[in-house]
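The values are calculated or read from the model by the stated rules, or taken from the named source; none is laboratory data. A quick note: this is a predicted structure, and the numbers were derived from the prediction, not measured. Cβ placement follows ideal geometry from the backbone for every residue including glycine, while neighbour counts extend to all protein chains displayed. Note: accessible area is taken over every heavy atom of the protein model, side chains too, but ligands, DNA and RNA are not part of it. Shrake-Rupley method; radii C 1.70, N 1.55, O 1.52, S 1.80 Å.
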Amino acid sequence: MNFMNQAFLLAKKAQSHGDVPIGVVIVRDGKIIARGENRVQKSKNPTLHAEIVAINKACKKLNAKFLDGCDLYVTLEPCSMCATAISFARIKNIYFAACDEKGGGITSNAKIFENDKHLWKPNVIQMQEHADKSTKMLKDFFENLRNKKGK
């Protein structure tokens, strides 16, 4: 199963309800244990990013506050809020498609894991082969949003 493709399906779901198209799956032992898509607009809650939604579901499913041995696949580089939550959850690996030059918290902007005092540092892997797909989905979303506001 291609986990990143599953994350893209969730990104499309987020877009269908007016949210920025970002999707996440959390995997343990080769199986998806939780899914999440952005729900900021849908729920009128600025903290309901796809990563937070998926982490909450995974913790509930495992009845645990730590997600040791879990991997997270996300269509866009996590922001600093989500990267910190990933660290607190002790997720082993983060796989992301596109960098987020404006809001990225790992490689592009805040770079929170570069701080030696950070409690938990996951392995971070950019899946460059999916970057263009993610970038196009996001650009199209925001272009459509601007066009709707201009009418």
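Structure values in brief
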{"item": "Residue satisfying all of: in the range 111-146; among the β-branched types (V, I, T), under 21 Å from R90 (Cα atoms) and crowded, with 16+ Cβ neighbours inside 10 Å; modelled with the lowest pLDDT among these", "result": "I112"}
{"item": "Condition check for N56: open to solvent by 50 Å² or more (accessible area, probe 1.4 Å), more than 18 Å from V124 (Cβ to Cβ) and free of Cβ contacts under 8 Å to residues at least 60 places away in the same chain", "result": "yes"}
{"item": "Only listed residue being of a type in the set (G, A, S) and more than 21 Å from Q15 (Cβ to Cβ), chosen from A89, A34", "result": "A89"}
{"item": "Selection within the range 97-115 - touching a strand residue (DSSP E or B) at 6+ places or on another chain (Cβ under 8 Å) and acidic (D, E)", "result": "D100"}
{"item": "Answer from K65, K149 - the residue that is open to solvent by 60 Å² or more (accessible area, probe 1.4 Å) and farther than 23 Å from K12 by Cβ", "result": "K65"}
{"item": "I94 vs. criteria β-branched (V, I, T), modelled with pLDDT of 95 or more, open to solvent by less than 40 Å² (accessible area, probe 1.4 Å) and touching a strand residue (DSSP E or B) at 6+ places or on another chain (Cβ under 6 Å)", "result": "yes"}
{"item": "Number of positions in the range 3-52 that are hydrophobic (A, V, I, L, M, F, W, C), in contact with an Asp or Glu (Cβ under 6 Å, 6 or more places away or on another chain) and in contact (Cβ under 8 Å) with a residue 24 or more places away in the chain", "result": "5"}
{"item": "Residue list for the range 1-47, filter: within 20 Å of A64 (Cα to Cα) and surrounded by fewer than 23 Cβ atoms within 10 Å (Cβ to Cβ)", "result": "V27, R28, D29, G30, K31, I32, I33, A34, R35"}
{"item": "Unique residue being within 22 Å of T135 (Cα to Cα) and open to solvent by less than 60 Å² (accessible area, probe 1.4 Å) when the list is S108, S87", "result": "S108"}
